[in-house]
Every structure is written in structure tokens, then in C-alpha cells.
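First up is the structure itself, then whatever we jot down about it.
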Amino acid sequence: MQIQRYNTIMLIKPTWVLLALLFVMAIPKANAQQDPLYTQYMFNTLAYNPAYAGTRDMVSLMALSRHQWVGFEGAPSTQTVTGHTPVGKNIGLGLTLIHDVVNPSSQTGLYFDYAYRIKISENSKLSFGLKGGFNYFQLDMSKLQTATPGDDPTLNVGATSKYLPNFGFGLYYFSDKYFIGLSAPKLLENKLLNSDNEILGQEGSEVRHYFITGGYVFNLSDEIKFKPTFMSQLTQASPMSLDLNANFLFKEKLWVGAMYRLNNSFGAILQYQFTPQFKVGYGFDMTTNALRNYNSGTHEIMISYELNFTKEKVENPRYF
């Protein structure tokens, strides 16, 4: 059972478009993206790469709420909360909480992150990360409505829930000016349904996701910096997801950027650094496929706060 978040088909009414999209869950061995997508992924790295823990050299807290395809009844939504901190010079610890809803299913994940950093050169470090925790998966097919009157036995399987333990890894190579990361936050491909609760005779399972990310900061002037980034998300038997972003930072305060997701969507990012510790961001993207006619876009709000409990000041601004 794989939940496709971006490629879909167009039927007569928006409601049936969504139902068709969600009903992919019942198709035998369908493969698609399951993990949440983020417009502001470059400021939400811990959610998919445990090696990021502690790299900002202070306690870093972040909350993000994403509402996809606004205007659809039962459209996907994701809430993410992360926190991480350095412990000593080389260790980072983190915590990630994600609540993701794609009707008729939802999952709540709680994961702990551990990272160990080594110095590669005077300005660069390599971090190794481990992530471990669980997802609480819930499915209630009765939430779906059929397009034609009558009982559908597929929708009468009732509600089911399951705890899905998992673990993953990550690598993160970074300096003050650039970064590149590789991660697989969930390595186990757990079955989502028990053998006694099948849909159309098939059991769904989680799919392993691989993330490749990178970015660089260019100094255009004393007051303007340019930061292009990318994220590639790969899964077995599913189209590659590629995000390309171009962000400009003005006077170390205002981030303004644009994004493009290959064959899927485009959008914009706006963030403001109110204080050295407090930042608020907003992301918007609009689909480029047939689904664009039936929703008013995807909205994403992010709040982050950082605390430095040590006497040492961070020598250089952190752009990643």
C-alpha cells in the first residue's frame, strides 16, 4: 500500500479526483511516495537526515505545518516538530515528531536522532547519523465515499491500527558555505496491514526512501547572499522526485526564494529572521499537473527558535 502524493488522474469532479488518488491504496503492489514532501526542506533537514543533529552548535527547535491541495476535502496535511542539540564537541542528539494525514490513513511518528561528527578539514566536517523510533499507523476505509450508490466490500474492512518500529541512517558533509547529504530515514519495509485485514487480497507495506540533498552559499555582495539547493527523493518503482530551489538572503534578515519540483509543482519561499534566535517562514507551491484545476495550492508555515546555553558564540552564521 503506497500513497501517491503527486501524480494523479483527472475525473469529472474534484471529490472523485481525490477518491481516485486515495484509492490507489487498494491497488495491488502500487508504489509511490509515502514520506511527506516539504517546500522548505532546506530548513527542516532533521526530519529526513539524522546526521544533521547538533550541526548548528546550539539548541535548535522547529515547528512546521503543511497543508497540501487546499480546497480539497480530506486533502493531505503534515505537522512536524524537531529539536536537536550538540553534546560536547562531536555528538548531536535530536528528536523528531511527525503527524501525517492522507485520508483515509494517518500516521504519527516519534524518532530519536544520534549524530557523531569528525573534522575533515579546517572548515568542513562529516557527520554520521542514526535514527530510531516508530510510526503509529491508522487506516479507516469507511471514511471514503463511493462515486455510485451501493455497498463496496472494500470499504467494509473497518478501522485498523499498527505500531511500526523503524530505524535509518544519514551522512551530512558540511562547511560554512556548502553541504551535501545522503539519508534513508526508514530502512525497514513494514507491512501496514495484518494478514487478517486485507484489502483486495493484498497487504500494503512501507517503502524505503532515499534522500540526496545539497546546497551552496554565494556572496553576491556584503548584504546579499545566494543559496541554491536541491533535494532528490528516490524510491523503488516510483518516479524520482527532484526539488530545485534558489534563495536570496538580504541583510542577514530576509530570505526570498523560488522552487520547482520536477513535473509536479512550482512555488515560492519567504522567511524573516526577527532576532538571531527567532525565525518565521512561509512556503507556497502550486501543482503543474491536472490537479491544479481543483485546488488553490499548498501552504506551509514554519517557526524556528534557537538557544545558546554556552558562553561561546557561534563564529559564523549558519545558512543550513
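Every number in this text was worked out from the coordinates using simple rules, so none of it is lab data. Keep in mind it's a predicted model, so treat the numbers as computed, not measured. All Cβ positions, glycine included, derive from the backbone under ideal geometry; neighbour counts span all protein chains shown.
Over all directions, the projected convex hull of the C-alpha atoms in the range 224-320 averages 8.3 nm² in area. Counting neighbouring beta carbons within 10 Å and listing from fewest to most, the residues F179, F134 come out as F134, F179. Listed from fewest to most Cβ neighbours within 10 Å, the set E252, E300 follows the order E252, E300. Available extension along the chain between K89 and T108 is 3.6 nm, counting 0.36 nm per residue and deducting the alpha carbon span. Computed log10 I(q)/I(0) for the range 41-114 at 0.11, 0.13, 0.19, 0.24 Å⁻¹: -0.32, -0.43, -0.75, -1.01, from the Debye equation with unit scatterers placed on every C-alpha and solvent omitted. For the range 270-283, backbone phi angles converted through the Karplus equation (6.51, -1.76, 1.60; θ = phi - 60°) give residue-by-residue couplings of 9, 9, 9, 8, 5, 9, x, 9, 10, 9, 10, x, 9, x Hz, Gly and Pro being listed as x. In this structure the amide hydrogen of S205, modeled in the peptide plane, comes within under 5 Å of the amide hydrogens of L192, none closer than 5 places in sequence on its chain. The ellipsoid equivalent to the alpha-carbon distribution of the range 164-296 has semi-axes of 35, 20, 14 angstrom, derived from the gyration tensor eigenvalues as √(5λ) and listed largest first. Packing, taken as the mean count of other beta carbons within 10 Å per residue, orders the peptides 265-278, 75-88 from highest to lowest as 75-88, 265-278.
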